[in-house]
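The values are calculated or read from the model by the stated rules, or taken from the named source; none is laboratory data. It should be emphasised that the depicted structure is a prediction, and the values quoted were computed from it without experimental measurement. Counting neighbours? That spans all protein chains shown, and the Cβs are built from the backbone with ideal geometry, glycine included. Areas reflect the complete protein model, heavy atoms only, side chains present, ligands, DNA and RNA absent. Shrake-Rupley method; radii C 1.70, N 1.55, O 1.52, S 1.80 Å.
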Amino acid sequence: MIKPMESILIIEDEEKIARFVELELTYEGYEVEKALNGRDGLELATARPFDLVLLDILLPGLNGIEVLRRIRKVSDVPVIMLTARDAVVDKVAGLDGGADDYITKPFAIEELLARIRAALRKKREVRSESQPSGLSAGSLHLDPETREVKVGDALLDLTKREFDLLQYLLVNKNIVISRETLLQDIWGYDFSGGTNAVDVYIRYLRAKIEEPFNLKLIHTIRGVGYVIKDEPV
Ligand code: CA
């Protein structure tokens, strides 16, 4: 498998430095975009995901600390600040503002590359340590972003209504939800089909996620409604 290129955004108003770093990073195999002022940089940084941002502090228009502050509102992308020599105040402000690292200008390109590799490695580690995104009960897993539902490695094919109902139960795992609540929240208040629509869809779900895998996750609470649990009782 070809490793996807990691993308780096350079926000630096000194064109010679920006160009030099761009060439070096491109040579190292990174995909690079650059912005020559804070406003363009911020626009790029929030318009698409980058794997890392190199951010100069002294920028015309919007300075680096302010750009960082605004990036942090929407993204936890690793940011390495480029600071002037001995600008301790800038370093502190940058780190307080959520920068991951900083490097003092002028810098040796090898040092910058090493810091970039370290920041990217840290990001990958954090990502692999964090729990896989999504909701689960036992071996059933639902990913709200990709809308994939799996039991173990088996990918299931659910209709939108089935998916919504299952997601609702999983969000409320271990909590008994009444038929009326399910009907209101999944079908909407103006649905006039009666609460047995819920029972019908629970049957569909059971036929897809339980019966083929010999699981028992959705429990009927007689006279009340349904609950999903990790383990059969
Ligand atoms: Ca500058």
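Can you name the residue in segment 149-162 that is outside any loop (DSSP other than H, G, I, E, B) and within 23 Å of LEU183 (Cα to Cα) and, of all such residues, is most open to solvent (accessible area, probe 1.4 Å)?
LYS160
Can you confirm whether segment 9-16 contains a residue that is at negative phi, more than 16 Å from the ligand (Cβ to nearest atom), modelled with pLDDT of 95 or more and assigned by TED's automatic domain parsing to the domain that holds ASP100?
First, pick out the residues of segment 9-16 that are at negative phi: 9-16.
If we keep only those that are more than 16 Å from the ligand (Cβ to nearest atom) too, we end up with none.
Within segment 9-16, not a single residue is at negative phi, more than 16 Å from the ligand (Cβ to nearest atom), modelled with pLDDT of 95 or more and assigned by TED's automatic domain parsing to the domain that holds ASP100.
How many residues does segment 192-222 contain that are hydroxyl-bearing (Ser, Thr, Tyr) and open to solvent by 80 Å² or more (accessible area, probe 1.4 Å)? So that I can check it myself, show each step before the final result.
Within segment 192-222, the subset hydroxyl-bearing (Ser, Thr, Tyr) is 192, 195, 201, 204, 220.
Now narrow it down to the ones that are open to solvent by 80 Å² or more (accessible area, probe 1.4 Å): 192, 204.
Of the residues in segment 192-222, 2 are hydroxyl-bearing (Ser, Thr, Tyr) and open to solvent by 80 Å² or more (accessible area, probe 1.4 Å).
Residue check: is ILE202 at pLDDT 95 or above and in a helix (DSSP H, G or I)? Can you show your working first?
Working: at pLDDT 95 or above: yes; in a helix (DSSP H, G or I): yes.
Here the answer is yes, as ILE202 does meet what is asked.
Under the condition of being among the aliphatic types (A, V, I, L, M) and under 15 Å from the mean Cα position of the chain (by Cα), which residue from segment 48-74 is farthest from the ligand (Cβ to nearest atom)?
Of all residues in segment 48-74, those among the aliphatic types (A, V, I, L, M) come to 52-55, 57-59, 62, 65, 67-68, 71, 74.
Going one step further and asking which of them are under 15 Å from the mean Cα position of the chain (by Cα), we end up with 52, 71, 74.
Working: LEU52: 19, ILE71: 17, VAL74: 23 Å.
Ranking the candidates gives VAL74 first.
Output the qualifying pairs, or none if there are none: Cβ atoms under 8 angstrom, residues six or more apart or on different chains, first residue in segment 109-124 and farther than 13 Å from GLU24 by Cα, second residue open to solvent by 20 Å² or more (accessible area, probe 1.4 Å).
ARG115/ASP101; ALA118/ASP101; ALA119/ASP100; ALA119/ASP101; LEU120/GLU6; LEU120/ASP51; LYS122/ASP100; LYS123/ASP51
Among the residues of segment 17-38, write down those that are within 11 Å of the ligand (Cβ to nearest atom) and of a type in the set (A, V, I, L, M). Spell out the reasoning first.
So in segment 17-38, the residues within 11 Å of the ligand (Cβ to nearest atom) come out as 17-18, 36-38.
Across segment 17-38, the qualifying residues are ILE17, ALA18, LEU36.
Say whether the condition of being farther than 30 Å from PRO78 by Cβ, among the hydrophobic types (A, V, I, L, M, F, W, C), open to solvent by less than 50 Å² (accessible area, probe 1.4 Å) and at pLDDT below 95 is met by at least one residue in segment 122-138.
Step one: list which residues in segment 122-138 are farther than 30 Å from PRO78 by Cβ, which gives 137-138.
Subset that is among the hydrophobic types (A, V, I, L, M, F, W, C): 137.
In the following step, the residues that additionally are open to solvent by less than 50 Å² (accessible area, probe 1.4 Å) were identified as 137.
Then keep just the ones that are at pLDDT below 95; that gives 137.
Within segment 122-138, one or more residues are farther than 30 Å from PRO78 by Cβ, among the hydrophobic types (A, V, I, L, M, F, W, C), open to solvent by less than 50 Å² (accessible area, probe 1.4 Å) and at pLDDT below 95.
Which pairs have Cβ atoms under 8 Å, sit 6 or more apart or on different chains, and link a residue in segment 69-85 that is in contact (Cβ under 8 Å) with a residue 40 or more places away in the chain and under 10 Å from LEU55 (Cβ atoms) to one that is within 16 Å of the ligand (Cβ to nearest atom) and of a type in the set (D, E, K, R)?
If the second residue must be within 16 Å of the ligand (Cβ to nearest atom) and of a type in the set (D, E, K, R), the pairs left are LEU82/GLU12; LEU82/ASP56; LEU82/LYS105.
Within segment 191-203, identify whether any single residue is in contact with a Ser or Thr (Cβ under 9 Å, 6 or more places away or on another chain) and in contact (Cβ under 8 Å) with a residue 60 or more places away in the chain, and answer yes or no.
Among the residues of segment 191-203, not one is in contact with a Ser or Thr (Cβ under 9 Å, 6 or more places away or on another chain) and in contact (Cβ under 8 Å) with a residue 60 or more places away in the chain, which makes the answer no.
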